[in-house]
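What follows is a set of notes on a single structure, which appears directly below.
The values are calculated or read from the model by the stated rules, or taken from the named source; none is laboratory data. All figures in this text were calculated on a predicted structure; none of them were measured in a lab. Ideal geometry is used to build each Cβ from the backbone, glycine not excepted, and the neighbour counts take in all protein chains shown. To get the accessible areas, we keep the full protein, side chains included, count just its heavy atoms, and leave off ligands, DNA and RNA. Shrake-Rupley method; radii C 1.70, N 1.55, O 1.52, S 1.80 Å.
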Amino acid sequence: MTADGFAAFAAEWTPRVEATLESLVPPAGESPTDLHRAMRHALFPGGKRLRPLLALLAARVTGGDPERALRPGAALELLHTYSLVHDDLPCMDDDDLRRGRPTCHKVFGDAVAVLAGDALLTLAFEIVAEAGAEAVRCLAAAAGSRGMVGGQAADLAAEGSLATATLDGLQSIHDRKTGALIVASLEVGAIAGGATFDREGLRGYGERIGRAFQIADDCLDVTGTAEEIGKPPGSDVGRDKLTYPALIGLEAAQQLARDLANEAAELAPRVVGTAGGAVTLDAGRKLLQDLASRVATRSS
Ligand code: GRG
């Protein structure tokens, strides 16, 4: 790890992300206590906090103020957490474990888990509104039926269709289901940070790391240990899910993730542009390049 790499950036900001999330969610003792406990169960302890970190990083590398991206970045995590709670429900992926702990509905029941997801989603919009109308529009578009929810619907419909699937079809599902929120995290962070930036350059970067992230996720289901992925490996194969390793093989999928990371890294100079602020142009480019390669080769 280099001193100016993404790991150092994450180490610097993750405690601030945690404190911000803690301050945003009602206390467990506040009525209705089951609902607030369920929201907290889903949020704490968290995972990588990738989406808030992306928002903070985008604010920094575009020359804006990361402090201003803290609460909008936390809103991205609230929305991401809602999607995980709903994704784990029996009517969707029917998972018992998330991050090595019982899923929200296993502890609180299906009805409270649905409501906890609803409340996390709603809270996300209350908070992101502080960054203005464009940030709200961006998040809503990424999360809705042409973004994450639409991708989830297409993914569910594609189960068992491996024989007729295409790479373009799979990519379209994952650009919506996973990629849209990753792109929106960068966009919302850059908007909140307050600097002017190359929106298309940032989106292009985000689309590529979003794809690499999802491919790495699919590969980890094959190669990861239960400890690394927080649930038993092999669940995608067990459900006959349409994944990159299932479609093109594990090695080709791992290579595709690396290729996408390289493409993203090539866009780093465009994202950083002529940004001023606390980060030098060189450090900004390095952060984006390091992040891209870490996303493609991650082990958790
Ligand atoms: C139910 C509306 C709705 C949407 C579900 C995001 C999603 C759509 C489903 C999650 C299922 C899944 C495993 C998707 C693959 C990529 C992904 C989003 C993984 C989880 O994100 P991480 O790795 O999780 O950032 P942590 O635990 O670090 O927060």
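Please give the charge dipole size of the chain, origin at the Cα centre, charges +1 on K and R Cβ atoms and -1 on D and E Cβ atoms. Round to the nearest 20 debye.
In total the dipole reaches around 480 debye.
Exactly which chymotrypsin sites (Phe, Trp or Tyr not before Pro) in segment 1-85 are in a DSSP loop and have at most 11 other Cβ atoms within 10 Å?
Here no chymotrypsin sites (Phe, Trp or Tyr not before Pro) fit, given the DSSP loop and packing criteria.
Using the Cα centre of segment 4-121 as the reference point, and only Cβ charges (+1 on K/R, -1 on D/E), how large is the resulting charge dipole? Debye, rounded to the nearest 20.
Charge dipole, segment 4-121, about its Cα centre: 320 debye, nearest 20.
Over the alpha-carbon set of segment 223-300, work out the extent along each principal axis and list the three values in angstrom, largest first.
50, 26, 16 Å, listed from the longest principal axis down.
Taking the radius of gyration and the Kirkwood hydrodynamic radius from Cα positions alone, what is the Rg/Rh ratio for segment 150-298, to two decimal places?
Using only Cα positions, Rg/Rh for segment 150-298 is 1.02.
Tell me, what ³J(HN,Hα) does each residue in segment 109-115 have, in order and in whole Hz, if you take phi through Karplus 6.51 cos²θ - 1.76 cosθ + 1.60 with θ = phi - 60° and put x for Gly and Pro?
Rounded to whole hertz, the list is x, 4, 5, 5, 5, 4, 5.
Given all pairs of different Cα atoms, what value in angstroms does the Kirkwood hydrodynamic radius of segment 117-183 take?
Kirkwood radius, segment 117-183: 12.9 Å.
Mind giving me the nanometre distance, one decimal, between the label points for Ala252 and Arg16, set 7 Å out from Cα along Cα→Cβ?
4.4 nm
Quick one: accessible area per residue over segment 17-90, 1.4 Å probe, rounded to a whole number of Å²?
31 Å²
Over segment 204-300, give the accessible area per residue in Å² for a 1.4 Å probe, as an integer.
It amounts to 45 Å² per residue over segment 204-300.
Would you compute, from DSSP H runs of 4+ residues alone, the mean residue ellipticity of the chain at 222 nm, taking -39500 (n - 2.57) per run and dividing by the full residue count, rounded to the nearest 500?
Result for the chain, helices only: -21000 deg cm²/dmol.
Of the trypsin sites (Lys or Arg not before Pro) in segment 1-105, which ones lie in a loop per DSSP and count no more than 16 other C-beta atoms within 10 Å?
Passing sites in segment 1-105 are Lys48, Arg99.
What does a probe at Leu162 reach in segment 243-273, counting residues whose amide N is under 20 Å from the point 7 Å along Cα→Cβ?
Residues passing the 20 Å test: 243-257.
What are the principal axis extents of the Cα atoms in segment 1-74, in Å, biggest first?
If we take the Cα atoms of segment 1-74, the spans are 44, 24, 14 Å.
Two decimals is fine: what's Rg over Rh for the chain, C-alpha atoms, Kirkwood radius as Rh?
Result: Rg/Rh = 0.95.
Measure off, as a whole percent, the carbon and sulfur share of the 1.4 Å-probe accessible area of segment 146-263, all protein chains present.
51 percent
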